[in-house]
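Below is one structure, written out as structure tokens; comments come after it.
The values are calculated or read from the model by the stated rules, or taken from the named source; none is laboratory data. Values in this document were obtained by computation on a predicted structure and should not be read as measured data. Note: ideal-geometry Cβ built from the backbone for every residue, glycine included; neighbour counts use all protein chains shown. Just the protein is used for accessible areas: all its heavy atoms, side chains included, with ligands, DNA and RNA removed. Shrake-Rupley method; radii C 1.70, N 1.55, O 1.52, S 1.80 Å.
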Amino acid sequence: MTKIKGVLHKITYKNEDNHYTIARLKIHEIKEPITIVGHLAGVAEGEMLSLIGKWVSHAKYGEQFKVESFEVTLPSTLADIKKYLGSGMIKGIGESMAKKIVDYFKEESLEIIENEPHRLCEISGIGKSKMLNVSRAWDQHHAIRKVMQFLQANGIGIAHASAIINFYGKDALKILKERPYQLSKDVPEAGFEVADAIALKTGTDPNDPERIKASIIYILLQNEANGHVFIDSLELFTKCARLTGADEEQFYFALLKLIQELDVVEEQGFKNIYTRKMYRAETGIAQKIKAMLSIPVPDYGIDEDEITFEVLNRLELELSEEQSDIVRELLSHRVTVITGGPGTGKTTLVRAVCAMFAKLNKTVILGAPTGRAARRLSQVTDKKASTLHRMLLYDPDYDFFGRNQDTPLDADVVIVDEASMVDTLLMYHLILAVPFNSVLILVGDIFQLPSVGPGNVLSDIINSGMVKTFSLTKIFRQAELSPIIVNAHCIRNGQMPVLERKNKEDGLSEFYFIENNDPERVVKTITELCSSRIKNAFSHIDEIQVLTPMHKGEAGTINLNQKLQQALNPSKKNNNHADRSGIESMGVVFRTGDKVMHLKNNYEKDVFNGDIGVVDEVIKSENRLVVDYDGRLVEYDILELEELTLAYAISVHKSQGSEYSAVVIALTTMHYPLLQRNLLYTAITRGKELVIIVGSKRAFEIALNNNRTDMRMSGLCEKMKN
């Protein structure tokens, strides 16, 4: 191995996913910078690097230095420290502040920032808020590099370094060294493999009970990530033995210890194994619903004629006989479910229910699991609706719900739309906060995809037979004229819809199937449709949404987003000669005008998982951008861009709870693992005015005939019955 030292002159390429970097390094012995390649996390232009590696010859680019490991040497002279801090690599420190810090602390400046950042407040003009921002930026900049170096030194993959840093912050390295198996609980995506590699490398006995316990926790969390609430103990043992080599005796000893430590719960004589959190949630839902059902509902003293008059008077709506019967009967139940497909009048029914309870002077709260679903509910009811997390005053910093059994919701009636999207944990926290004497109404379409999180809550509640369920079946006359709704109901019933247009001179339709068996041509067709024909009819970027079952593959979201971005918002100078080259993060380039999606709930920014916006401005010199969410501008700096992704194409799962004017669906046999009837049904019912499916008829038939929805291991139905 060869060791070289120099100043990082320019980073020419960086993959934010794995930190693979191509850069130019200035070294004292050579006049021209040399090319270096390797996984260089957390480095910045202007830093002094000590590199260990070897010279390799690239057929196209010539001699390169391939980096195996590296260290950053911090500057020691006043001039170099001032230049280093003023380079902009530490967010919050510009040239002016760098000069103030170095003038005050001299050669100790970097040590002060790292070990005694509170002393920055001694400098005039630096308050507590600015000091904390600088300290956080410094920790972020240096911590990930230290973690990467530790992982590399131990011969461990670096793919999950960012996730480890995000969870543990500046304590990441300490946790990795002292309690590596903690990762199995805290960072499931890094999980057992990384923890195990570190532990075994540092001399942990392969039969150590802590190792077996960590593997069990890891498997349970992976199981939950796949949608299950519990796991069969035999399957758990099989997976544990495969991971660790543990025999049955070691496995059950470790399992018993976890049960004694209250991390795990067993049920049915060790048959079903839960994490404690999931068992408490599932049991809590069943107990609370049964408790609510045991409380008699008061006689509201309102008859059918009054209901009909009130709905007509307030909403100018005439209810069908089916809807009138449901509204009347709702008054005699504490907990109810309303389910039905598109065009059956769920929205009208919810509006009528709100009007009826308003007549009775009852306080109604409306909620939905996502921001988009909540906004849509608010629009159709003309009443305030919020996300369930906001309704329950969720605090992400402490993972705490402000509304609970001790501080319940101030409501006589709680109505939850898109309830099929609510997973076990969220339903538990919701139902804890609903007062015992309130009315709870869950509205959803059980034929849609189940929740992303564990469980199949709405279906389990219905299947238990304990809760009165109203199923809307009649399609309204106006909806019967819509090919989208008619075809959706065909799919729901397992019938093949008419994909070919009978007469090409019938004029424009709402539903099209464009057959194409080649994924590459599917992508090309979708790109052409979105950049020309559909765009002419639906000009706003929010009106058109491309959906696909998967992220990977030729017709997955990753490739489709790249192709659609290139077609709809290419990197070039616009008419005003503004630079639209954008900012790169996690392998994605964001440009002004890009359609983007927020990926996780961010309560500080008031932006939630699944919210879609448009990049309003990219300020490349400051490494930040601004996204427009329905007229509200939200800023993101470079470290926050991992919360964004391109949204020209999104997964069908991510589209739940949303509606779009025009929907284009990619459907190929390459999507085979996810081709199910409920996925196809969910995708089609997202479109309001136009649905175009581009893909293989064979893939369509596979999805239609596959009504074997993923079997989710859940005990809620049985717990409610018993």
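Here are a few things to note about the model shown:
- Shown here: P(r) over Cα pairs in 20 Å bins from 0, in percent, derived from the displayed model; of the candidates (i) 14, 42, 34, 8, 0; (ii) 14, 40, 28, 12, 5, 1, 0; (iii) 17, 48, 27, 8, 0, it corresponds to (i).
- Calculated from backbone phi, Karplus (6.51, -1.76, 1.60) coupling profile of region 241-250 in Hz, x at Gly/Pro: 4, 5, 6, 10, x, 5, 8, 4, 5, 4
- Averaging the Cα positions of each part gives two centres, and for region 27-62 and region 212-272 these lie 46 Å apart.
- Look at the Cα gyration tensor of region 252-330: its axes a ≥ b ≥ c give a/c of at least 1.5 with a/b over b/c, and that counts as prolate.
- Rounded if a/c under 1.5, otherwise prolate or oblate - region 432-498, Cα gyration tensor axes: prolate
- From largest to smallest, the equivalent ellipsoid semi-axes obtained for region 372-468 from the alpha-carbon gyration tensor read 20, 17, 15 Å.
- Dipole of region 1-149 computed with +1 at Lys/Arg Cβ and -1 at Asp/Glu Cβ about the Cα centre; of Thr21, Gly46, Asn133, farthest Cα towards the positive end is Thr21.
- A simple charge model with +1 on the Cβ of Lys and Arg, -1 on the Cβ of Asp and Glu and nothing else charged puts the dipole of region 515-632 at about 320 debye relative to its Cα centre.
- Inter-probe distance in nm under a simple model that places probes 7 Å from Cα toward Cβ, at Arg328 and Glu528: 5.7 nm
- Region 131-286 - Kirkwood radius from inverse mean 1/r over Cα pairs (Å): 16.6 Å
- The residue list Met391, Leu560, Thr202 was ranked by how far each Cα lies along the charge dipole of the chain toward its positive end, using unit charges on Cβ atoms, and Leu560 comes out on top.
- Reference-scaled alpha-carbon Rg (2.2 N^0.38 Å with N residues) for region 198-279: 1.04
- Our Cα-only numbers for region 387-430 put the radius of gyration and Dmax at 10.6, 30 Å.
- Over region 227-289, accessible surface divided per residue gives 48 Å², non-protein components excluded, 1.4 Å probe.
- Dipole-positive endmost among Tyr279, Ala254, Gly301 within region 214-351 (Cβ charges, Cα centre): Ala254
- Simple label model, 7 Å out from Cα along Cβ direction - His118 to Asp80, nm: 3.1 nm
- Carbon plus sulfur fraction of accessible area for region 274-345, probe 1.4 Å, in percent: 46 percent
- Proximal charge balance of Lys99 [Cβ under 11 Å; K/R count +1, D/E count -1]: +1
- In this structure, the amide hydrogen of Ser69, modeled 1.01 Å from its nitrogen in the peptide plane, lies closer than 5 angstrom to those of Ile52, counting only residues at least 5 positions away or on a different chain.
- Here region 199-241 is treated as a sphere whose radius is the Kirkwood value from Cα pairs; by Stokes-Einstein at 4 °C and 1.567 mPa s it diffuses with a coefficient of 115 µm²/s.
- Gain upon complete extension [Arg179, Val56; 0.36 nm per residue less C-alpha separation]: 40.5 nm
- Averaging 1/r across all pairs of distinct Cα atoms in region 546-678 and inverting the result yields a Kirkwood radius of 15.6 Å.
- Cross-link check: pairs Lys14/Lys146; Lys82/Lys201; Lys82/Lys620; Lys170/Lys213 evaluated at a Cα-Cα cut-off of 29 Å; pairs beyond the cut-off: Lys82/Lys201.
- Each DSSP beta bridge with both residues in the chain is either parallel or antiparallel, and the antiparallel ones are about 60%.
- Taking the C-alpha atoms of region 34-131, convex hull volume expressed per residue in Å³: 112 Å³
- Solvent-accessible area per residue in region 616-713 equals 39 Å², computed with a 1.4 angstrom probe and all protein chains kept.
- Label positions at Lys600 and Met1, each projected 7 Å from the Cα along the C-beta direction, are separated by 3.3 nm.
- Cα-only radius of gyration and Dmax that characterise region 302-406, units Å: 15.6, 51
- In order along region 272-287, the phi-based Karplus estimate (6.51 cos²θ - 1.76 cosθ + 1.60, θ = phi - 60°) of 3J(HN,Hα) comes to 9, 10, 10, 6, 4, 4, 6, 5, 4, 5, 5, 5, x, 4, 4, 5 Hz; Gly and Pro are listed as x.
- Taken about its Cα centre, the chain carries a charge dipole of about 1440 debye when Lys and Arg each add +1 at the Cβ and Asp and Glu each add -1 at the Cβ.
- Pairwise Cα distances in region 347-419 exceed 14 Å for 61 percent of all pairs.
- Across region 324-373, Cα-Cα pairs more than 16 Å apart make up 48 percent of the total.
- P(r) for region 635-674, from all Cα pairs and a bin width of 10 Å, is 19, 41, 30, 11 %, short bins first.
- Dipole magnitude of region 1-142, debye to nearest 20 (Cβ charges: Lys/Arg +1, Asp/Glu -1, about Cα centre): 360 debye
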